[in-house]
Amino acid sequence: MHEHDVIVIGAGGAGLRAAIEASAAGVKVGVICKSLLGKAHTVMAEGGMAAAMGNVDDRDNWEVHFADTMRGGQYLNNPIMVEHHAKEAPARVLELESWGAVFDRTKEGKILQRNFGGHRYPRLAHVGDRTGLELIRTLQDHGIHQGMEVFMEMTVVSLLTTGGRISGVLGYDRERGRMRIWKAKAVIMATGGIGKSFSVTSNSWECTGDGHSLAYHAGAELMDMEFVQFHPTGMVWPPSVRGILVTEGVRGEGGVLRNSEGKRFMFDDVPEAYRNQVAKDEEEGWRYVCGDKNANRPPELLTRDHVARCINREIKAGRGSPHGGVFLDIGWIKEKIPNASEHIKRKLPSMYHQFMQLAGVDITQERMEVGPTTHYVMGGVAVDGDTQMSCVPGLFAAGEVTAGLNGANRLGGNSLSDLIVFGKLAGEHAAKFVKSNAAVEVDPAQVEAKTRAIEAPFERPNGENPYAIQQDLQNTMQDLVGIVRTQKEMESALVKLDQFKARLKNVGVSGHREYNPGWHTAIDLPCMLTVSESITRSALERKESRGAQFREDYPDKSAECGTFNLVAKKAPDGSMQVSRRPVVPMRSDLKAVIEKMK
Amino acid sequence: MDPSRRVQFRIWRGDKNGGAFQNYEMNVSEGMVVLDCVHRIQAEQAPDLACRWNCKAGKCGSCSAEINGKPCLMCMTRMDTLPPDQVVTVEPMRSFPSIRDLVTDVSWNFRVKKKIKPFKPRKPDNADGSWTMFQEDIDRVQEFRKCIECFLCQDVCHVVRDHHKEEEFIGPRFLMYTAALEMHPLDTEDRLADLKDRDGIGYCNITKCCTKVCPEHIGITDNAIIPMKERVVDQFYDPLTRLFRMFKGK
Ligand SMILES: Cc1cc2nc3c(=O)[nH]c(=O)nc-3n(C[C@H](O)[C@H](O)[C@H](O)COP(=O)(O)OP(=O)(O)OC[C@H]3O[C@@H](n4cnc5c(N)ncnc54)[C@H](O)[C@@H]3O)c2cc1C
Ligand code: SF4
Ligand code: SF4
Ligand code: FES
């Protein structure tokens, strides 16, 4: 048994930042992660992190960022978190620089910022299109010298509680296949996303929603789970790369969307709330890309939910590309600038390689084929906006696994900044918590029961193949709870989810316990099911279309639905209950900010 | 390429106590990469076949292996770039101890990194705690920071692979990592003595095998190792510099 003050689950941006902060406060920290250090999903982030530093456009400040984020989230966000985020992101980015990060520069030698959907001014600090790598490497290289202990390739399967409070975590060691117990006074959940519950996704194998599920079963609340972000531009061809992300940075650098008729269809449908912020024609859109402060953004840089739906509409109307997407064209900028090829390769190097190597497409010359892909979950563990603690004493959460910052839809770039702002807060408050609360004993009965459940698939070597269930689950969610939703389809999804639960009881694995991916998949499945159920039940309950949720049977926004968040909680009988909770009220000074920015 | 063709695979199965190649066969269709095939074999024929991967897009550096004897990323190796009528051999990186199947023990790399003196910036240039740095001053460092820590260069370097100098030599990845710190415009630390004595930069005889396998196309040898070798020579062996240092009392 290991003993720590704080256990951080996850070594993505949020987990590492939290671990650094807690270590700095002088408490004993352990970090547990499923992959090797430095490989967490954060490494894949491309476009940048949002922080209103005003380096490129000095009209930018925290108030504009605050208003942009609230508008993007359709006012279901927790304003306290949005305020923390907008105010503290610039300092967190500068701190990364002091730890060795090397961001792209402006001509004056400051950190360069780029345009992204839904952000009024160029706001994303970035490094080409590999910002996530820079973030995770910086935190990793700084973190290993701060005294934290890192447990790689270990998976937490249960949060242990005693008298309702966190007492530790139970997990297994991938290499040896053995169970381990970590005793802890506080746990910080930083497990990232849930994309693997869908068949077309930009997410890695790790994103099975473990943290969402672990927290839920330990008594925490899952909020806003109906809001799953479908990124408008994933690769669609060849089939084996389907879903892999094409960064919004491509559009930020001037890439445009066209249908099979060659038309820039995004101009056709600009939502009311954004009308006076969008370019009136192609020429103005290009001026914006070039940094003209008097120009408005091209419609390709509207929020992701909207762009994804427009693409979906074009495809459904038969104006799609040969492989069921639409065209994304960055090569066209050669009409506008000399050396366009070199410019594109410098600004978007990994996109260039990704398409060249995986699809045989030279993006400086040819159009890309793109379509929506499951990307991010706005919903997650409900936390206190100031401390990041959930309703389970001692359980904190930060990063994608947390709800509150993004409301109904996340703006691109707001996640990487989320990780460092709230990772820090969670680390700070978890350290405070352990200083004023003694440890509680681990309950052996919990450990035993969970261990038995985890090992059960080995007793059924001829049971059902876990990969088959996983695939059926992913297809069900994709087809029935995807971009466009209806009551009927979601009800049939719930029936299927019940069937998967039954099939899960008969799942079997063969082979050894050491590094056995079949067994790991069997362990991930219950988490994926819990997450899928919470998404489906919440989406059914929200009878409107708002942000990332589009209901064909309720295509409009409803004022009433704008007054509450949905919260899923485990009832005493073990069933999932979804209830309404009034949105966190906005202070009057913050209301004034919103008014001012209208 | 045909919409689908039958391909034979030889995949190494085993652990630290040894193992053997096993044969598998499957249909391969357009655009598939080696990692897709391994996954398909896992899902349909060998659920306990161990391999590492995360991003499937060449960004995380998890899926390193040796394909037909060549160290590369499984997720970035397209099937249609391999000879069509030949068996495809997939084995783990051979320089590292085996854990299981395609998974190796790369913990040496993490230990090495921890020994290298961390980044130590000069005082901020500006009142808000920021620094002024120009793009042209950081281009080189950014090239090095593209490294995804796939450790393919470590795998292929003969100082590690054939001579097992793990205790005296940090390998190309970390020589380059040190170079990135040394060339960072804000850094004030000095790592040259470590490079010379502890890190074994002298073992590198510039064969450039590391550079050839780097999936990020980083000029490891030319842009990082050679300049560091020159700095070491300048500081420790060049008589004029030595004299100068004596006078400066450094
Ligand atoms: C391709 C792509 C590009 C993106 N680009 C951007 C961008 O440009 N800007 C932006 O702001 N956002 C971007 N995002 C979103 C952003 O990258 C993620 O939301 C963010 O990185 C999540 O970070 P995290 O720290 O919360 O979790 P992650 O980085 O996902 O880390 C989760 C960690 O938890 C661990 N873990 C999970 N379950 C367990 C368990 N049971 N036991 C132990 N450990 C566990 C994992 O091993 C991992 O270490 C992008 C996402 C993708 C997929
Ligand atoms: S150039 Fe040096 S470091 Fe690179 S493979 Fe050759 S000997 Fe090793
Ligand atoms: S330098 Fe290149 S080959 Fe070596 S670890 Fe980094 S990315 Fe891999
Ligand atoms: S899976 Fe990430 S590099 Fe291959």
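The values are calculated or read from the model by the stated rules, or taken from the named source; none is laboratory data. All values reported here derive from a predicted model rather than from experimental measurement. Note that each Cβ is placed from the backbone with ideal geometry, even for glycine, and that neighbours are counted across all protein chains shown. Heads up: the accessible areas ignore ligands, DNA and RNA and are worked out on the full protein's heavy atoms, side chains in. Shrake-Rupley method; radii C 1.70, N 1.55, O 1.52, S 1.80 Å.
Details
- Estimated inter-spin distance, A:A273 and B:A127, nm [label 7 Å along Cα→Cβ]: 3.8
- Using every pair of separate Cα atoms, the Kirkwood estimate puts the hydrodynamic radius of segment A:554-596 at 13.0 angstrom.
- Computed per residue of the protein assembly as shown from DSSP H runs no shorter than four, each worth -39500 (n - 2.57), the mean residue ellipticity at 222 nm is -10500 deg cm²/dmol.
- Neighbour cut-off at most 12 other Cβ (10 Å), DSSP loop, trypsin sites (Lys or Arg not before Pro), segment A:155-240: A:R178
- Protection proxy ranking of A:75-81, A:329-335, A:547-553 - average other beta-carbon atoms within 10 Å, highest first: A:75-81, A:547-553, A:329-335
- If you model chain B as an ellipsoid using its alpha carbon gyration tensor, with each semi-axis the square root of five times an eigenvalue, the axes come out at 41, 20, 15 Å, biggest first.
- Modelled FRET efficiency - R0 35 Å, A:T106 with A:Q499, Cβ distances, 0.05 increments: 0.05
- With the gyration tensor restricted to C-alpha atoms of the protein assembly as shown, the semi-axes of the equivalent ellipsoid amount to 37, 33, 30 Å, longest first.
- Scanning chain B for chymotrypsin sites (Phe, Trp or Tyr not before Pro) lying in DSSP loops with no more than 15 further Cβ atoms inside 10 Å, the longest uninterrupted stretch between such sites is B:1-133.
- Each Lys or Arg adds one and each Asp or Glu takes one away; over the other residues whose Cβ falls under 12 Å from the Cβ of A:G423, this sums to -3.
- Kirkwood Rh, angstrom, segment A:368-463 [1 / mean 1/r, Cα pairs]: 16.6
- Counting only Cα atoms, segment A:318-434 measures 58, 35, 25 Å along its principal axes, largest extent leading.
- Length added when fully stretched, A:C290-A:T162, from 0.36 nm per residue minus Cα-Cα: 40.3 nm
- Over all orientations, segment A:21-105 has a Cα convex hull whose mean projected area works out to 7.9 square nanometres.
- Seen against the Cα atoms of chain B and their longest principal axis, helix B:135-145 is set at about 50 degrees.
- Around B:Q22: net Lys/Arg minus Asp/Glu count, Cβ-Cβ under 10 Å: +1
- Straight-distance crosslink candidates among lysines, where the alpha carbon sits under 17 Å from A:K543 and sequence neighbours closer than 8 are dropped: A:K488, A:K557
- GNM result for chain B, Cα springs below 10 Å: residue of B:G129, B:G61, B:G200 fluctuating most strongly: B:G129
- Take the Cα of B:D197, step 7 Å toward its Cβ, do the same at A:M597, and the gap between the two points is 5.5 nm.
- Counts of other chain beta carbons within 10 angstrom of each beta carbon in peptide B:137-149 average 4.
- A simple spin-label model places the labels of B:R111 and A:K334 5.2 nm from each other, with each point 7 Å out along Cα-to-Cβ.
- Convex hull volume per residue for segment B:114-196, taking Cα atoms only, in Å³: 107
- Computed from the alpha carbon atoms alone, the convex hull of segment A:201-334 holds 151 Å³ per residue.
- Taking chain B as a Gaussian network of alpha-carbon nodes connected by springs under 10 Å, the highest mean-square fluctuation of the residues B:T211, B:T77, B:T221 belongs to B:T77.
- Between helix A:349-359 and chain A: long-axis angle, C-alpha atoms, 0 to 90°, nearest 10: 80
- Relative contact order for segment A:110-267: 15 percent, from Cα pairs under 8 Å spaced at least 6 residues apart, divided by residue count.
- Cα-based radius of gyration of segment A:347-401 once divided by 2.2 N^0.38 Å, which approximates compact folds: 1.96
- In the complete set of protein chains, residue-level accessible area for A:T162 is approximately 50 Å², probe 1.4 angstrom.
- Helix A:79-98 axis, angle to chain A major axis (alpha carbon atoms, nearest 10°): 80
- Cβ neighbours within 10 Å from other chains - mean over A:36-43: 6
- Average projected area [Cα convex hull, segment A:522-568], square nanometres: 3.8
- Inter-centroid distance (Cα atoms) of segment A:388-440 relative to segment A:455-470, Å: 35
- Each Lys or Arg adds one and each Asp or Glu takes one away; over the other residues whose Cβ falls under 13 Å from the Cβ of A:E552, this sums to +3.
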